[in-house]
1. Could you give the radius of gyration (one decimal) and Dmax (whole number) of the Cα atoms in chain D, in Å?
2. Looking at the stretch D:48-94, what % of the alpha carbon pairs are farther apart than 17 Å?
3. Give the nm distances, rounded to one decimal, from C:N19 to the matching residue in every other copy, measuring between label points 7 Å along Cα toward the beta carbon; shortest first.
4. Taking the label point 7 Å from Cα in the Cβ direction, how far apart in nm is A:A50 from each other copy of itself, listed shortest first?
5. Which FRET efficiency value, to the nearest 0.05, do you get for A:R77 and A:L32 by plugging their Cβ-Cβ distance into 1/(1 + (r/R0)^6) with R0 = 51 Å?
6. Which GluC sites (Glu not before Pro) from chain A combine a DSSP loop assignment with at most 16 other Cβ atoms within 10 Å?
7. I'd like to check one number: the per residue accessible area of chain A, probe 1.4 Å, reported in Å² as a whole number.
8. Rounded to a whole number, what is D in µm²/s for the stretch A:1-54 from Stokes-Einstein with the Kirkwood radius over alpha-carbon pairs (20 °C, 1.002 mPa s)?
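The values are calculated or read from the model by the stated rules, or taken from the named source; none is laboratory data. The structure displayed is predicted, hence computed values, not measured ones. Note that each Cβ is placed from the backbone with ideal geometry, even for glycine, and that neighbours are counted across all protein chains shown. We work out accessible area using only protein heavy atoms, side chains counted, and drop any ligands, DNA or RNA first. Shrake-Rupley method; radii C 1.70, N 1.55, O 1.52, S 1.80 Å.
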There are 4 protein chains.
Amino acid sequence: MTHEHTLHLDPKVRQEARNRLLSAKGHLEGILKMLEGEPYCVDVLKQIKAVQGALDKVGDMVLKSHLEHHVASAAVRGDTQQMVEELMEVLKYR
Amino acid sequence: MTHEHTLHLDPKVRQEARNRLLSAKGHLEGILKMLEGEPYCVDVLKQIKAVQGALDKVGDMVLKSHLEHHVASAAVRGDTQQMVEELMEVLKYR
Amino acid sequence: MTHEHTLHLDPKVRQEARNRLLSAKGHLEGILKMLEGEPYCVDVLKQIKAVQGALDKVGDMVLKSHLEHHVASAAVRGDTQQMVEELMEVLKYR
Amino acid sequence: MTHEHTLHLDPKVRQEARNRLLSAKGHLEGILKMLEGEPYCVDVLKQIKAVQGALDKVGDMVLKSHLEHHVASAAVRGDTQQMVEELMEVLKYR
């Protein structure tokens, strides 16, 4: 897709996404440490869920930025069909 | 909760969970690397979704093991109410 | 599966589930009425989401009752494998 | 919001959505009938999940139409912020 090289993620959102993913990585490392011991299943499930929640938030940030900066102007660029199809694909089973 | 110290995650499942979480961590590091460049939003969303899918699988493994080894025998131990309530809590918004 | 004929949904939960499903059906009829006019897309999405939320609640009630009355006693009956497998199947993509 | 009165759901999508919702309503009535007897919990859960799947499909149709016909042209109309915010709200916890 030709637009991939021009429709970049907004730099401010990109920085914030990095910070949040670094924190999610730290959280994941915590679960790995936990699994060196003998954790209770439900505690592991809770921690996995917390990381999922953090990833959801990063995804929402990126999605919002994409809608604002790229999808909302699709009619101007003339790539509406492509933008909508790839977005529907990525929203599936969300 | 007193049972937390006795109802440990099955060692085989724990090992498999560790392997999968290590792989998810590697994937997350790949997204962080991606964000040092100028990625397309939808590519970032796809990668986040892939990590979520990997975490879902780890969660499913742990959940299945918990149901088999701990929830299915709750009536024998006499802690059904507690087991069910904490499970419903962790399944919420899954 | 032979147990299907003996492990019935608890009567009190069944009655509450019926009431909630009747209300969800009323809500669905409201969306159908809405679609006879010229609604705004986002208003339709909000209403569909509200019905989904109501169905989630019914599902949670039935699931909780099933865990309490049937899954927690699986070890006693000796059908743990079957109970866990069918439960994991129904929880998938929840 | 002033745009609500002009950005109507596309008539073809609206008709298809009606047909699918009528079918979901029939399915819901089937579950209600099921609950007059003594169903097995997991069978009820499966049927609820099927209705949810049908509603997901209607939601996806409406969402796709909204993205194509309204969100993609937001920059032209000048209501990007409003369109994106209400969309993010409706996508939350999807």
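1. Looking at chain D, its Cα Rg and Dmax stand at 17.5, 57 Å.
2. 41 percent
3. The projected label point of C:N19 is separated from its counterparts by 3.8, 4.8, 5.0 nm.
4. Here the equivalent label points are 2.7, 3.6, 4.0 nm apart from this one.
5. Once rounded, the FRET efficiency stands at 0.70.
6. Details: sites: A:E4, A:E16, A:E29, A:E36, A:E68, A:E85, A:E86, A:E89; in loops: A:E36.
Passing sites in chain A are A:E36.
7. Numbers: 4440 Å² over 94 residues.
I get 47 Å² per residue for this part.
8. Estimated via Stokes-Einstein, D reaches 161 µm²/s.
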